[in-house]
Protein chains: 2
Amino acid sequence: MTGKNLVGPEADALDLGAVFRALADEHRRSVLTQLAADRSDNERGCNSFALPISKQTQTHHFRVLREAGLIDEIDYGNRKGIRLRRADIEKRFPGLLALLGAEPPGDTAPR
Amino acid sequence: MTGKNLVGPEADALDLGAVFRALADEHRRSVLTQLAADRSDNERGCNSFALPISKQTQTHHFRVLREAGLIDEIDYGNRKGIRLRRADIEKRFPGLLALLGAEPPGDTAPR
DNA sequence: ACCAAGGTACGAAAAATTTCGTACCTCAGT
DNA sequence: ACTGAGGTACGAAATTTTTCGTACCTTGGT
């Protein structure tokens, strides 16, 4: 089944402040880093990120990432797909994703 | 008089999480954006940024920027100089400063 | 029809951040 | 020696963010 895409900002409406606020959190940065590392940009289930937090909190974090324009969330009803908005991000903030790649992906030290 | 440089992290110890957290705040981002816009990297007084907040709060924000490794603070006793750590930032996070430059400098919209 | 898995809505607790009042320090100039 | 400008220390209030408990929704499988 094709799910419906939850809304986020248009490509050229991405806000740098919202992006930095989104990436300021350890868990969200972990998600983005993992997404950026996969150059094939496959859609992923949101359980594939091994986040050590409850599912309600995960819902919150994915929403923040979507509202910052960093990911698409595809709603299938009883599961959800996550996809990096790589082209939009690169267009508006070239080099940003490369910065994430430079960090060790598993390095999720406490803040 | 030569002032003494307040301590921040070494160039290769800059942490991306700390940097994103520092740049997540509107006022701190404004400071960095203004600094990044001046390619001559002159030292500036910390009153030259026109921040609409009290001086105690400014002290706080400059400290966060310094502890993230983004600026040097030079203490002259009764005044303070601010200098962008451009080379260190570019070395560790190439392209980061360019992202700030892409935003309109005076665009400090409420969050 | 039922159940279980995956996810959300709402609300509240907990934690972190931003902000500033009060008091104090340092230096330059008079 | 005094004063004023610029800055910090400490502590508390205000705000924001993170987290999760409870309840509920949706879909796929039995």
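The values are calculated or read from the model by the stated rules, or taken from the named source; none is laboratory data. Computed from a prediction, not measured in an experiment: that's the story for all the values here. No Cβ is skipped: glycine too gets one built from the backbone with ideal geometry, and neighbour counts run over all protein chains shown. Just so you know, the surface numbers come from the protein's heavy atoms only, side chains and all, with ligands and any DNA or RNA stripped out. Shrake-Rupley method; radii C 1.70, N 1.55, O 1.52, S 1.80 Å.
Just flag the trypsin sites (Lys or Arg not before Pro) in segment B:6-83 sitting in loop per DSSP whose Cβ has no more than 10 other Cβ atoms within 10 Å.
Working: sites: B:Arg21, B:Arg28, B:Arg29, B:Arg39, B:Arg44, B:Lys55, B:Arg63, B:Arg66, B:Arg79, B:Lys80, B:Arg83; in loops: B:Arg39, B:Arg79.
Those that pass, being in a loop and sparsely packed, are B:Arg39.
Students often get this wrong, so check it: of A:Lys55/B:Lys91; B:Lys4/B:Lys91; A:Lys4/A:Lys91, which have C-alpha atoms separated by over 29 Å? Don't skip to the answer; put the middle values down first.
Details: A:Lys55/B:Lys91 38 Å; B:Lys4/B:Lys91 24 Å; A:Lys4/A:Lys91 24 Å.
Check vs 29 Å cut-off fails for A:Lys55/B:Lys91.
Just to confirm my numbers, what's the Cα centroid distance between segment B:1-55 and segment A:64-106 in Å?
Segment B:1-55 and segment A:64-106 have Cα centres spaced 27 Å from each other.
Please report the accessible area of A:Ser48 (heavy atoms, 1.4 Å probe, ligands and nucleic acids excluded) in Å², nearest 10.
Near enough 50 Å² of accessible area.
Working out 0.36 nm times the residue gap between A:Ala98 and A:Thr2, then minus their Cα-Cα distance, what length gain in nm do you get to one decimal?
On the way: separation 96, 0.36 × 96 = 34.56 nm, distance 3.08 nm.
Net length gain for the segment: 31.5 nm.
Taking only protein heavy atoms into account and a 1.4 Å probe, give the accessible area per residue of the protein assembly as shown in Å². Mind dumping the intermediate values first?
Working: 11710 Å² over 222 residues.
Value for the protein assembly as shown: 53 Å² per residue.
Which order do A:Thr2, A:Thr33 take when ranked by solvent-accessible area (1.4 Å probe, heavy atoms of all protein chains), largest first? Write down the numbers at each step before the final one.
On the way: A:Thr2 135, A:Thr33 15 Å².
Highest to lowest solvent-accessible surface, that is A:Thr2, A:Thr33.
If the label for A:Asp41 sits 7 angstrom from Cα along the Cα-to-Cβ line, what are its distances to the same label in every other copy, in nm to one decimal, shortest first?
Once sorted, the set of distances for A:Asp41 reads 3.5 nm.
List the equivalent ellipsoid semi-axes of segment A:6-103 in whole Å, largest first, each obtained as the square root of 5λ for an eigenvalue λ of the Cα gyration tensor. Can you show the working numbers first?
Values: eigenvalues 74, 44, 36 Å².
The equivalent ellipsoid of segment A:6-103 has semi-axes of 19, 15, 13 Å.
In Å, what Kirkwood hydrodynamic radius results for the protein assembly as shown from the alpha-carbon pair distances? Don't skip to the end; give the middle numbers.
Details: mean 1/r = 0.0537 Å⁻¹.
Evaluated over the protein assembly as shown, this radius sits at 18.6 Å.
Round to the nearest 10 and report in Å² the accessible area of A:Val64, as given by a 1.4 Å probe over the protein chains' heavy atoms.
Probe radius 1.4 Å; accessible area of A:Val64 about 40 Å².
Can you tell me which of B:Gly101, B:Gly77, B:Gly45 moves the most in a GNM of chain B? Springs connect C-alpha atoms under 10 Å apart.
Most flexible of the set in this elastic network: B:Gly77.
For a quick check: with amide H placed at 1.01 Å from N, whose amide H comes under 5 Å from A:Lys80's, ignoring anything fewer than 5 positions away on the same chain?
Sorted by chain and number, the residues that satisfy this are A:Cys46.
Kindly tabulate the residues in segment B:1-28 with an accessible-area decrease of at least 40 Å² between the chain alone and the assembly of all protein chains, using a probe of 1.4 Å.
Residues meeting the cut-off: B:Leu16, B:Phe20, B:Arg21, B:Ala24.
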